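The values are calculated or read from the model by the stated rules, or taken from the named source; none is laboratory data. Small disclaimer: the values here were computed from a predicted structure and weren't measured. No Cβ is skipped: glycine too gets one built from the backbone with ideal geometry, and neighbour counts run over all protein chains shown. Surface areas here come from the heavy atoms of the whole protein model, side chains and all, with no ligands, DNA or RNA. Shrake-Rupley method; radii C 1.70, N 1.55, O 1.52, S 1.80 Å.
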Amino acid sequence: MVEQKLKVTLLTGRTIEQGVGKEKGKSSKEYFDACSMCYMDAGDMAKLGIKNNTNVLVTTANGSVVLKAVKYPRAATPGLIYIPYGPWANAVCSHATTSIGMPSFKGTPAEVEPAPTKKVLTIEELLKTEFGR
Amino acid sequence: MIVLTPLKTFKFPVTAECINPDVFQGKTVAEIAALPVFEGNRQKTLGELFKIEQAEGDNPSITINGDASEVRRIGYGMKTGEIVVNGNAGMHLGEKMAGGRIVVNGNAGQWTGSSMKKGLIEIHGNASDYLASPYRGSTDGMKGGKIVVDGDVGADSGCYLSGGLIKIKGSNTGQFLGYHMSDGTIHVEKNAASRLGANMTGGKIVVSGTVEEMMPTFTIDSVKPKVKIDEAETATGPFYVFLGDLAENGTGKIFASKPNNPNLKAYEKYL
Amino acid sequence: MSIVQSVTCPICGCLCDDIELTIENNEVVKVKNGCAICEAKFLGYRGHHRIKTPLIRKDGKLVPVSMDEAVHAAAEVLANANYPILYGWSSTSSEAQRIGVELTEEVGGVMDNTAVVCHGPSILGVQEVGIPTCTLGQIRHRADLIIYWGCDPWSAHPRHLERYTSFAEGRFEKSEWKAYMQKLKAQAGKKKVQSATRSGLIKTQPPRASSCTLPGAPPSALSKRGRKLIVIDVRKSMSAEMADFFIQVEPNKDYELMQAIRVLIKDGELDVDKVAGVPVEYLKEVADALVNCEFGVIFFGMGLTQTAGKFRNIEVAISLVRDLNMRTKFLIMPMRGHFNVTGANVVSAWQSGYPYGVDFSLGYPRYNPGETTCMDVLIKDEHDATLVIAADPGANFPKKAVQNMVKHPLIVIDPHMNATAMLGDIVFPAAFVGIEVEGTAYRMDHVPLPLKKVVEPPEGIYSDEEILRRILEEVRIIKKQKAQQKVEAT
Amino acid sequence: MTELLIKNGFVFDPLNKVNGEKMDIAVKNGKIVEKVNEHKAKIIDAAGLTVMPGGVDIHTHIAGGEVNTGRMVRPEDHVKDAVRKTALTRSGTGYSIPSTFVTGYRYSQMGYTTVMNPSMAPLEAKHTHEELNDIPLLDKATYPLIGDWWFVLEYLRKGDLEECARHVAWMLQTTKGYAIKIVNPGGLESWGFGRNVHSIDDQVPNFCITPREIMVGLAKVNKMLNLPHTIHLHTNNLGLPGNYTTTLDTMKALESVPSDGKPNMHITHLQFSSFGGDGWGNMRSAAEEISKYINTHSHVTADMGQVIFTDTTTMTADGPFEYTLYQLSGHKWVNSDVETETSGGIIPFHYKKNNAVNATQWSIALELALLIEDPWKIYMTTDHPNGGPFFAYPKIIAWLTSRKARMATLKKCHKKAQKKSLLPSIKRELSLYELAIVTRAGQAKALGLTNKGHLGVGADADIAIYDVNPETTDIARKYKAVRKAFGNAAYTIKDGRVVVKDGEVVQNVDGRTIWLDVQTAEPCRIDEQMKNKFREYWSVDYANYPVYDHYVKVKDPITIQASV
């Protein structure tokens, strides 16, 4: 049965593409491609009835963001989504530091829903929307 | 008695360890007004930030009327007297306290009662993270006295506790309550979060509500009908009694309410 | 055309110092020995994302201004600030970091570096229990058991395995490269069989992959000869695929897993069958492997520092290693990520006593992460100005922190038009440290390495050091003038 | 540069045999001169004051990777000792591991002008030098750790002393070092696999060499290179009960190296190497046995390693010893092994009077300093911060010069330690002349620093003036006044400039970094073979290993002609 929304745990982190992209420049296509996406488990994608490279809306207590869902190429990770570090990830991950200075970049509860008609914002659009600049 | 009223809402951290009955004692209002404080990186006088009034009574007590959530180190190291905060209090309230009483009619910031030795702190709202816990890198936790919190407490509270009593009446605690404690008592009247008592080597934590998750490194010891909290109070159970943290070869005790924690029933097979 | 050898790569905490660059017409045209990220930097640093001149936001837009105007504007902001944050300090040299401490002290601000969002928790953990560690060469020569916990070197430190661990050749331990290649071949063979099955060429059903919560390999992998590689992570990363043994841990449960192993290596018993989704039976095998190695090491990353428990995860990982030393030689090391973030900690510590999150507002250094770290200050909006250098919080801080950051004047020093620069009010273009400016950086194991200047910076672009020095001088002038005005007024 | 005339002070300048004579000291261009123009010179009226050469510390851990890791792991140590910024000075923190600026200020406030950082992993030498640059007001030098360096082990194993000497010369140049530092020889390499050596004749695993061979070999190399200082040795089995026999064996072993009646070894923090007994329960002082040997031999110098009753931080390249301390104390433990070269460790430690072992350690150091008759053989140190922070020196000065002072402290010590202490039987009280030897002249002589530690013409104008009037003050009785005076110099003069007055920093200047530029007849060959070996042994490229000149802010190399 296809579900509307899926409850998942959000991880953010490094990928080599993100590493290369950040060195090419934050407004480069490489950076955009590497960071405005989210890895999902193939099974989870099936549950939502979406295909590889479909846009999804990821929502947490801190906000929501549109990303391109990409099938995680290795072992199954049901219930996990992985967004590379970058402003897209930071639109949703938790800023709670439990008083040690470190936000909660990994392990945040989140929801994913298909958003095939919604657009993934460019870095400029994202900054404009979130920070007005 | 001295009454302090903030003259504005503080945006920058105000460092004011002079707000302490021991310091105020024997000083005129003018002398108190001239005490140095910091607002952000600017040195100011207490009188520049607070309206200061002498109120009825000769007792060494201080009342703060208003929001003091950015005012840090209130009652730092105080030995006698009383501080009442009618509003929220900032970080390091009653840090290294050695006597007297602090009452907060509001919420208290992080490191409240940090490394305290003696005295009483009552928080009628919530307490934040690191309640009673020592400074970074130090193992010098709360040694004595009593802290009562009507609301919730944050993460890493009661770390390195080595004496005294912390009572939590709210429905939530943060993770790592009683971390590495070696003695003393923590009583959670309602629910406790995970990693409760991690690395504890002694002392006891009593949870009358639910335990979110028991650390795998605790071993069940017995079931007890009740447990003594302090001279005046006994908590009634029955309680599962766990020993740990085995990772530290610890012999601390966690008392977890039996009726409220059916998920711990699986441990009964080891009894 | 010239060739420069032994260049230190200014990207990650590995600081590979064997990079060979070919320079033609003041430009890097060829990179030898580097990883993909290294190549991207050396070949791409000059791209069109470079900031070309100082900029100031006027009527909502960043417009070019002279260096003097930008320096004065920045100094005005800092000299007048009541509680400024000076953040970043990781993609720059120790020499610039030294001036940074002096500037922060002068303006009574909060100095924080990017450790706060990567290995700050590791430092907090170390402050609780210490850390048995070593330099990377020690591991190359001696380690027969290598564990990567909550980190993915293949993605974040691409040459780590090859230079320092499993695939490096040491005096007492040999490289596992050959064995790995054989394993790859075998896997390729298996994949061929699988695809043949799928296309109907083979009729028998291939064995199904084991359930994801179980370890990916049988414990027998732990009894192999030579260097063993264990990866522990919440997902099967690229590095995990290289490992002899992979343990998949439930998210946010590393703490429990480590505590359980601590009990098991002391031959203790647990009252549970599974910890963090891993059967205790498996964990016993792991505990045996840990105790029976000659020289083991744990490398850990953001998988521990950023998940629930944060610095407590590190504390307990270190405690585990400490306990293991009762039985064998065991060490541990954080996988420091960001270029010279280690140097930022090192410099900050020798000048102030504290490695990050240092608050100079009272005229002397104070340190208390949670109180004096920029993230907490930003989230509570206690600051009134920010200077960001050699980092990109605009892209890497949670939304709320950035929202508060842009409420007040934001000064940015960076070679690139990164997210923070796009959001900035006063923006300085900087030369690339380690390409256009020389200096010193500290490797993840605290080994200092020289950074080379291999090409000239573009015309009119200064080093971080120079920009900071000019701002500092200007701040001092402004403060002096203000003090004088005050005297005259009274 | 201004001329300076220090008038009418009581001068104690043991290297020139000046013992409290009232005389003037003239300074020009940063040097001591015969005389200056009294009308042009700035005059310092030192009447009624004690004038000495600037203090010299032969062994104090103030900079480098190990020290800085110590800083990083101990916020709880700094928080109790914050130092405010002033118009002149930078801010910082203490306590047991002060930040760099504070280190400079505090030494200078005690009248010290030259300090030696004794423990530098060569691979991390750049770090040490970067920190030394940030320590103001002092001249500094640093000793690379080479007793367990693979090259040394291999050349000594082969018996190729000449090649070994060439490589040691290269290492001193490359790291800008000043002396050969040896720590628990053989033990550090063994610690690479978690093991240790337990006597000077134990075999080092994988290298077929013994600590004896390492020490004797390097002492010979030291002589071949004509180094100004001897080998600087931290003995095997340091800090363990009964280790005095190892120390005696070590000193005896070095008798085999010809020394022409001069020292050929310096045993540092001797206290930690003078434990009797065979366990912690019956640990006792072996100061008598050790001092007896040193009194009858001329090839050994030493420094005290005095213990101070306070919370401090131990740090040493002796990784296995720090692990032992961890097992004893359970405190946070840092270990830091360095590939191909050395190891290291850190443990916070609180020395307590009411702990029998700690109190005995306190007593041992004083016993050694007082039982070793010749003050030119033993110098005052705490092995900062191992025995305690360096700014406790005034306390030690009081203990050394006043029996009353040390008995007052002994009375508060653990009963068992009191009973075993030799101090009640020791009447000796150092004179100001002897004090000048153990705090500066002796150290400068042992280090071969010819411009330091004295006030003769041509010496560096590094001068300390203390508010002690030897004519009117009985220092043995007025020890509290002495303690105060030596903690707050009336003047500290660095290179002819007044940097401290009445215990406050009044001028902020940079000190110099001293190192040895050792010239061998045939230098160490840096060919492809060597570079390959480099890659094989270390994880950095050869080109990135040396401390290039720009790493040193104020350079003061000393050229040495080696006889090899």
Inset, instruction - Within region C:324-367, count every residue that is within 22 Å of residue C:135 (Cα to Cα), among the β-branched types (Val, Ile, Thr) and not in a helix (DSSP H, G or I). - result: 2
Legend entry - Residues being open to solvent by 10 Å² or more (accessible area, probe 1.4 Å), in contact (Cβ under 8 Å) with a residue 40 or more places away in the chain and either within 14 Å of chain C (Cβ to nearest Cβ) or touching a strand residue (DSSP E or B) at 6+ places or on another chain (Cβ under 7 Å) (or both) - total across region B:9-23: 6
Legend entry - For residue C:296: the one exception among (1) part of a helix (DSSP H, G or I); (2) more than 7 Å from every other protein chain (Cβ to nearest Cβ); (3) surrounded by 24 or more Cβ atoms within 10 Å (Cβ to Cβ): (1)
Legend entry - Meets criteria (out of contact with any Ser or Thr (no Cβ under 7 Å at 6 or more places or on another chain), outside any strand (DSSP E or B), of a type in the set (A, V, I, L, M) and surrounded by 21 or more Cβ atoms within 10 Å (Cβ to Cβ)) for residue B:266: no
Inset, instruction - From (1) open to solvent by less than 10 Å² (accessible area, probe 1.4 Å); (2) within 13 Å of chain A (Cβ to nearest Cβ), pick out the condition that doesn't hold for residue C:403. - result: (1)
Inset, instruction - Would you list the strands (runs of 3 or more DSSP E) that sit entirely within region B:39-80 and hold 1 or more residues that are within 14 Å of another protein chain (Cβ to nearest Cβ) and open to solvent by 70 Å² or more (accessible area, probe 1.4 Å)? - result: B:42-45
Inset, instruction - Can you tell me which residue among D:140, D:126 is in a strand (DSSP E or B) and touching a residue at least 12 places away in the same chain (Cβ under 8 Å)? - result: D:140
Inset, instruction - Select from region C:421-447 the residues that are farther than 21 Å from residue C:472 by Cβ and of a type in the set (Val, Ile, Thr) and list them in ascending order. - result: C:435, C:447
Inset, instruction - Sort through B:91, B:97 and tell me the only one that's open to solvent by less than 10 Å² (accessible area, probe 1.4 Å), within 27 Å of residue B:195 (Cα to Cα) and not hydroxyl-bearing (Ser, Thr, Tyr). - result: B:91
Inset, instruction - Pull up region D:233-257, narrow it to residues that are part of a loop (DSSP other than H, G, I, E, B) and in contact with a Phe, Trp or Tyr (Cβ under 7 Å, 6 or more places away or on another chain), then point me to the one that is surrounded by the most Cβ atoms within 10 Å (Cβ to Cβ). - result: D:238
Inset, instruction - For region C:95-189, please list each of the helices (runs of 4 or more DSSP H) lying entirely inside it that holds at least 3 residues being more than 18 Å from the chain's Cα centre (by Cα). - result: C:120-129, C:136-142
Legend entry - residue D:327 vs. criteria modelled with pLDDT under 95 and either of a type outside the set (Gly, Ala, Ser) or over 20 Å from the mean Cα position of the chain (by Cα) (or both): yes
Legend entry - Enumeration of residues in region D:417-436 that are touching a residue at least 12 places away in the same chain (Cβ under 8 Å), assigned to a helix (DSSP H, G or I) and surrounded by fewer than 17 Cβ atoms within 10 Å (Cβ to Cβ): D:424
Legend entry - Where residue D:400 falls short, out of the listed (1) outside any helix (DSSP H, G or I); (2) without any contact (Cβ under 8 Å) to a residue 60 or more places away in the chain; (3) within 27 Å of residue D:104 (Cβ to Cβ): (1)
Inset, instruction - Taking only region D:258-279 into account, find how many residues are open to solvent by 10 Å² or more (accessible area, probe 1.4 Å) and either closer than 26 Å to residue D:223 by Cβ or in contact (Cβ under 8 Å) with a residue 60 or more places away in the chain (or both). - result: 8
Inset, instruction - Return the pairs, sorted by first residue and then second, in which the second residue is in a strand (DSSP E or B) and open to solvent by less than 20 Å² (accessible area, probe 1.4 Å), the first residue lies in region A:63-77 and is small (Gly, Ala, Ser), the beta carbons are less than 7 Å apart, and the residues are 6+ apart or on different chains. - result: A:64/A:58; A:69/A:38; A:69/A:40; A:69/A:56
Legend entry - Which listed residue is surrounded by fewer than 20 Cβ atoms within 10 Å (Cβ to Cβ), under 23 Å from residue B:175 (Cβ atoms) and at the interface with another protein chain (Cβ under 9 Å from one of its Cβ atoms), from A:79, A:107: A:79
Legend entry - Residue identified as of a type outside the set (Ser, Thr, Tyr), out of contact with any helix residue (DSSP H, G or I) (no Cβ under 7 Å at 6 or more places or on another chain) and open to solvent by 10 Å² or more (accessible area, probe 1.4 Å) among C:76, C:39: C:39
Legend entry - Answer residue from region B:185-206, given it is open to solvent by less than 10 Å² (accessible area, probe 1.4 Å) and within 17 Å of residue B:127 (Cβ to Cβ) and is farthest from the other protein chains (Cβ to nearest Cβ) among those: B:187
Inset, instruction - With the checklist (1) under 26 Å from residue D:447 (Cα atoms); (2) within 12 Å of chain C (Cβ to nearest Cβ); (3) crowded, with 23+ Cβ neighbours inside 10 Å in hand, flag the one item residue D:133 doesn't pass. - result: (3)
Legend entry - Residue in region C:396-411 that is assigned to a helix (DSSP H, G or I), over 21 Å from the mean Cα position of the chain (by Cα) and within 16 Å of residue C:52 (Cα to Cα) present: no
Inset, instruction - Go through the residues of region D:147-155 one by one and say whether even a single one is within 30 Å of residue D:91 (Cβ to Cβ), open to solvent by less than 10 Å² (accessible area, probe 1.4 Å) and touching a Pro at 6+ places or on another chain (Cβ under 7 Å). - result: no
Inset, instruction - Would you please name the residue that is farthest from residue C:252 (Cα to Cα), looking only at residues in region C:262-285 that are open to solvent by 10 Å² or more (accessible area, probe 1.4 Å), of a type in the set (A, V, I, L, M, F, W, C) and facing another protein chain (nearest Cβ under 8 Å)? - result: C:270
Inset, instruction - Residues being surrounded by fewer than 21 Cβ atoms within 10 Å (Cβ to Cβ) and more than 10 Å from every other protein chain (Cβ to nearest Cβ): count how many of those fall in region D:331-355. - result: 6
Inset, instruction - Would you check if residue C:454 is open to solvent by less than 10 Å² (accessible area, probe 1.4 Å) and more than 10 Å from every other protein chain (Cβ to nearest Cβ)? - result: no
Legend entry - Cβ pairs under 6 Å, 6+ apart, first in region D:539-564 and among the hydrophobic types (A, V, I, L, M, F, W, C), second open to solvent by 50 Å² or more (accessible area, probe 1.4 Å): D:554/D:510; D:560/D:226; D:562/D:226; D:564/D:162
Legend entry - Condition met for residue D:209 (among the hydrophobic types (A, V, I, L, M, F, W, C), open to solvent by less than 10 Å² (accessible area, probe 1.4 Å) and assigned to a loop (DSSP other than H, G, I, E, B)): yes
